[in-house]
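The values are calculated or read from the model by the stated rules, or taken from the named source; none is laboratory data. Remember, predicted model here, so these are calculated numbers, not experimental data. Positions of Cβ are backbone-derived with ideal geometry, glycine not excepted, and every protein chain shown enters the neighbour counts. All accessible areas refer to the heavy atoms of the entire protein, side chains included, with ligands and DNA or RNA removed. Shrake-Rupley method; radii C 1.70, N 1.55, O 1.52, S 1.80 Å.
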Amino acid sequence: MITRMSSSSLAASWPCVLRTPRLALRPAEAADAPAFIRLWTDAEVRRYLGGPVAQDRLGAYRRHFAGRPGLFAVTARDTAAVLGSVTIDTVSRFAGRREVSYSFLPEHWGHGYAREAVAAAIDWAFDHVPSQDPSVVAVTQEANLRSRLLLEAVGMRLVETFVEWDAPQTLYAVRRAAPA
């Protein structure tokens, strides 16, 4: 069951499906568990995210991902296979800003799927997720060059660096372009 949220916490339009030329971003479902478990436990996916989720914590992850507001399963439009996930979170640790995060299975890296999905989620957030701040932010480790390049490719700019979890981090932000 997917819970409808108030407009003050996320978008009144949740749940929703976003479509791009190659992808569909839809609410995560219980049937997506095998792909999500891989996202949580794959050492390469979790390289800059503190490492794989411990086995004793997987049950909690599994109980709380399906139907979670703002959590999109990213699927291929032609096959419906889960490629990764994108989340828009309004409970950001950065002054209440909307925050985007993402992870993709390694076999889908390098095809532009993450860039396409993150851009769609950011556009959706600007249109449907209330915020006191006009920007959307993302955080990645300074060492995660691929993620930093992706964030720059979707129009985000580096605004701050800091240390968290014993590693240098980067904070990126994007504001919606003014209408022409």
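Any residue at all in the range 131-138 that is in contact with a helix residue (DSSP H, G or I) (Cβ under 7 Å, 6 or more places away or on another chain), more than 19 Å from L83 (Cα to Cα) and not charged (D, E, K, R)?
Yes, there is a match, as at least one residue in the range 131-138 is in contact with a helix residue (DSSP H, G or I) (Cβ under 7 Å, 6 or more places away or on another chain), more than 19 Å from L83 (Cα to Cα) and not charged (D, E, K, R).
Taking G50 as the residue in question, decide whether it is over 14 Å from W124 (Cβ atoms) and modelled with pLDDT under 95. Can you show your working first?
Numbers: over 14 Å from W124 (Cβ atoms): yes; modelled with pLDDT under 95: yes.
Spelling it out, G50 is indeed over 14 Å from W124 (Cβ atoms) and modelled with pLDDT under 95.
For the range 152-162, state whether one or more residues are touching a residue at least 40 places away in the same chain (Cβ under 8 Å), farther than 28 Å from G67 by Cβ, open to solvent by 40 Å² or more (accessible area, probe 1.4 Å) and in contact with a Ser or Thr (Cβ under 7 Å, 6 or more places away or on another chain).
no
Among the residues of the range 125-140 satisfying the criterion of being open to solvent by less than 50 Å² (accessible area, probe 1.4 Å) and more than 24 Å from P27 (Cβ to Cβ), which is farthest from the chain's Cα centre (by Cα)?
By that ranking, first place goes to D133.
What is the residue count in the range 141-151 for residues that are farther than 14 Å from R47 by Cβ and either at pLDDT below 95 or open to solvent by 90 Å² or more (accessible area, probe 1.4 Å) (or both)?
1
When the residues of the range 58-76 are filtered to those that are at pLDDT 95 or above and out of contact with any Ser or Thr (no Cβ under 7 Å at 6 or more places or on another chain), which remaining residue is nearest to D127 (Cα to Cα)?
Applying the filter and picking the extreme gives T75.
Would you please list the contacts, defined by Cβ atoms under 8 Å and residues six or more apart or on different chains, that run from a residue in the range 57-74 that is over 21 Å from T90 (Cβ atoms) to a residue that is part of a helix (DSSP H, G or I) and open to solvent by 10 Å² or more (accessible area, probe 1.4 Å)?
Sorted first by the residue in the range 57-74, then by its partner, the pairs are L58/I37; L58/W40; L58/T41; R62/I37.
So, in the range 93-124, how many residues would count as being assigned to a loop (DSSP other than H, G, I, E, B), modelled with pLDDT of 95 or more and either at negative phi or crowded, with 20+ Cβ neighbours inside 10 Å (or both)?
3
Determine if the range 6-16 includes at least one residue that is aliphatic (A, V, I, L, M), modelled with pLDDT of 95 or more and open to solvent by less than 30 Å² (accessible area, probe 1.4 Å).
No: zero hits.
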